[in-house]
Amino acid sequence: HEFEVQENAFEVQVLNPSFSDATIRRMVENQQVKLNDLMAFTRMIGKQDGAGVVTRKDFAEEMPRGAGGYDMPVMTFGALRGQNRLEDRSVLLSLGRLLVPAEAAEGDAAAIYPDIQLVDGGKDYFRTSAKYLVRTGDGKLREVVRDGVEMRHPDARVEFEKNQRLLGEYKQAKGRLRAVRADQKKLVLNLCNVSTGEPVDMLVDNLTDLI
């Protein structure tokens, strides 16, 4: 049986379209006011300088130093294992997701299933609904479906391999908070439209819903 480690954390996923990969890219490249607003909000709910950021490497490299001028350590997906820089932080801001190109996902799947058909540049991806699981507080889960949120590979086996990589890296991001041994409950803010396939404590459309 799989042993589930209980983390002392409250997890929120924010589905606002402002946190799609393309929009975050524009936000970071232009160092727009919106990015500073986001960091200020995170700092506010993180009790001053109690927050840390995990995001894509290309996003992190172009962020203003110190995540918008605030004292927030910034770490990147793909370089998280064994890191303790966020251990003393009370809030994790997970911005975006690990980027898994179509070719990489197909390569992972083809190593197991030799008959995988390669998709030219991801052009055959299709848009579909996404399912999210939300804890109800009574030990049950509520399923929430949003239409047209996710782009998926036409081969479900490729999609599965990609999702396993995404989930693994997101779990690594959450693990940097070391919430398993935390005395006080920590907050995880997942700003990404992509479903992790795992339950969250709250699902909201906008950060302002948390105020």
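The values are calculated or read from the model by the stated rules, or taken from the named source; none is laboratory data. Just so it is clear, the structure is predicted and the values come from calculations on it, not from any experiment. So basically every Cβ, Gly included, is an ideal-geometry build from the backbone, and we count neighbours across all protein chains shown. Each accessible area value is taken on the protein alone, full model and side chains, heavy atoms only, with ligands, DNA and RNA left out. Shrake-Rupley method; radii C 1.70, N 1.55, O 1.52, S 1.80 Å.
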message = Tally up the residues in region 125-174 that are within 22 Å of residue 107 (Cβ to Cβ) and touching a strand residue (DSSP E or B) at 6+ places or on another chain (Cβ under 8 Å), please.
response = 8
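One line per residue, one yes/no per condition, for (1) within 21 Å of residue 80 (Cα to Cα); (2) open to solvent by 70 Å² or more (accessible area, probe 1.4 Å); (3) more than 20 Å from the chain's Cα centre (by Cα):
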{"site": "109", "(1), (2), (3)": "no, no, yes"}
{"site": "126", "(1), (2), (3)": "no, yes, yes"}
{"site": "144", "(1), (2), (3)": "no, no, no"}
{"site": "160", "(1), (2), (3)": "no, yes, no"}
{"site": "178", "(1), (2), (3)": "yes, no, no"}
{"site": "182", "(1), (2), (3)": "yes, no, yes"}
{"site": "187", "(1), (2), (3)": "yes, no, no"}
{"site": "195", "(1), (2), (3)": "yes, no, no"}
{"site": "205", "(1), (2), (3)": "no, no, no"}
remark   = Expected output for region 115-139 (first residue more than 16 Å from residue 156 (Cα to Cα), partner open to solvent by 80 Å² or more (accessible area, probe 1.4 Å) and among the hydrophobic types (A, V, I, L, M, F, W, C), Cβ below 8 Å, 6+ apart or cross-chain) is 133/141; 134/141; 135/141
message = Can you say whether residue 81 is farther than 16 Å from residue 171 by Cβ, open to solvent by 40 Å² or more (accessible area, probe 1.4 Å) and under 21 Å from the mean Cα position of the chain (by Cα), as far as the supplied structure shows?
response = no
ask   = residue 121 fails exactly one of the following numbered conditions: (1) closer than 26 Å to residue 207 by Cα; (2) exposed (fewer than 13 other Cβ atoms within 10 Å of the Cβ); (3) modelled with pLDDT under 90. What is the number of that condition?
value = (1)
